[in-house]
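Remarks on the structure that follows.
The values are calculated or read from the model by the stated rules, or taken from the named source; none is laboratory data. Here the structure is a predicted model, which means the values were calculated and not measured. Cβ atoms come from the backbone with ideal geometry, glycine included; neighbour counts cover every protein chain shown. Note: accessible area is taken over every heavy atom of the protein model, side chains too, but ligands, DNA and RNA are not part of it. Shrake-Rupley method; radii C 1.70, N 1.55, O 1.52, S 1.80 Å.
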Amino acid sequence: MKKIVLNAKDRSYDIYCGSNIYGQIGGYFDLAADKICIITDSNVAPLYLRKIKNAVNADVYDYVFEAGESSKTIDTCAKIYNFLAQKGFSKTDILIALGGGVCGDITGFVASTYLRGIRYYGIPTTLLAQVDSSIGGKCGVDISGGKNLVGSIYQPFGVLIDTLFLNTLDEGVFNDGMAEVIKYGFIYDKSLYQKCVEDTLGNLSDIIFRCVQIKKEIVEKDEFDGGLRMILNFGHTIGHAIEKLGGYEKHTHGSAVSIGMAYAAKLSEITYSKTGLFDSVAGSLKKLNLPVETDYSYTDIAQAVLNDKKNRDGLLNFILLKEIGKAEIYKINTVKVADFIRQAF
Ligand SMILES: NC(=O)c1ccc[n+]([C@@H]2O[C@H](COP(=O)([O-])OP(=O)(O)OC[C@H]3O[C@@H](n4cnc5c(N)ncnc54)[C@H](O)[C@@H]3O)[C@@H](O)[C@H]2O)c1
């Protein structure tokens, strides 16, 4: 078992990484409270809820929502607020997020808003949630106007990462997580990229731990997303456009980001005259069974990119690679975005 401490503005918290440790959660964190509510989804609950309930010492409640992105809404949060209020949850009580990125985003948002903020702990059960979404405090919900448009940055009080959970993941969900894993290699750490290419499964615990370290470093330097943290969006500009064009149903987040990273690598190769960069990025993604091409036209993609409500002041932040292991924020005027993207097609 390894530990990382993340020092955020409001609090520092421990992130534990190990295998088969979730049954001892009470030994890792100070869970002293009258009441604890474990929030989880309908797939994870039958697999892991009982053991966690047995591992904590308080009046334990659970709230199980229907698995899937379509539950990441204000409506689900409102139901949870009412559940907590009915059960008498107070400022000193605790929430635990047991699940993937959807569960973590919902629970974090509920914790940040119920009684203007109560304690919550993360037990991420997907690869994506373990290496990315459970760390750094970004949480929120989707609205009909777009994904993740409502939310906050509210750090958890602790995170427990157990690789045992990954044994029950669908292959597609696991591969989705690998897109976020290798992204850290592309943007920050060439040796991590090489480890992923050589033998991902053989190195999985080390790889997850390294991703968590990188996320910690980035969050500590730029918790509120004003600069460095944006490099985590490598592949996400085109990736989000692809998700949107598919109505958020046709493509999973990881596969869309994988395609987005391949196109961003092509644009990096052209912008910085780095021959071979695209082949390295696309080759490694293919090796991880991730897609690198889309049938959408560059005009469709550009339109969707330009409609993104996160664009600011006529400028779009595109994350490019100077080389493997080194990312850069490349600002581009929105009037030039379509021409810029066209180069990759
Ligand atoms: N907050 C952040 O910083 C951040 C970063 C990246 C992504 N996200 C968000 O994360 C979400 C995607 O996360 P995700 O891919 O984990 O999706 P998810 O939470 O929907 O999980 C994917 C599927 O795996 C199932 N599952 C989870 N753990 C399991 C296990 N151990 N065994 C079997 N099945 C299991 C879930 O029930 C679900 O069906 C998106 O909403 C995205 O916006 C947030």
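A few comments on the model shown:
- Residue-normalised accessible area of the stretch 206-281, expressed per residue, 1.4 Å probe, Å²: 37 Å²
- Net charge contributed by nearby residues that have their C-beta within less than 12 Å of residue 280 (K/R +1, D/E -1): +2
- Within the chain, helix-based [θ] at 222 nm, where runs of 4 or more DSSP H residues each add -39,500 (n - 2.57), nearest 500: -12000 deg cm²/dmol
- Using a probe of 1.4 Å on the protein chains alone, the accessible area found for residue 287 is around 120 Å².
- Evaluated over the chain, the Cα radius of gyration and Dmax, each in Å: 19.8, 61
- Pairwise FRET efficiency - residue 115 versus residue 168, Cβ, R0 = 35 Å, nearest 0.05: 0.55
- Taken over the C-alpha atoms, the stretch 173-287 has Rg and Dmax values of 14.1, 36 angstrom.
- Bridgeable aspartates and glutamates around residue 35 (alpha carbons under 19 Å apart, same-chain partners fewer than 8 residues away excluded): 59, 62, 93.
- GNM flexibility winner over the chain from 272, 154, 263 (Cα, springs under 10 Å): 272
- Where both bridge residues fall in the chain, DSSP classifies roughly 45% of the beta bridges as antiparallel.
- Accessible-area composition of the stretch 82-121, carbon plus sulfur, in percent [1.4 Å probe]: 51 percent
- Rolling a 1.4 Å probe over the protein heavy atoms of the stretch 185-227, with every protein chain left in place, gives an accessible area that is 46 percent carbon and sulfur.
- Accessible area per residue for the stretch 58-164, computed on protein heavy atoms with a 1.4 Å probe, is 34 Å².
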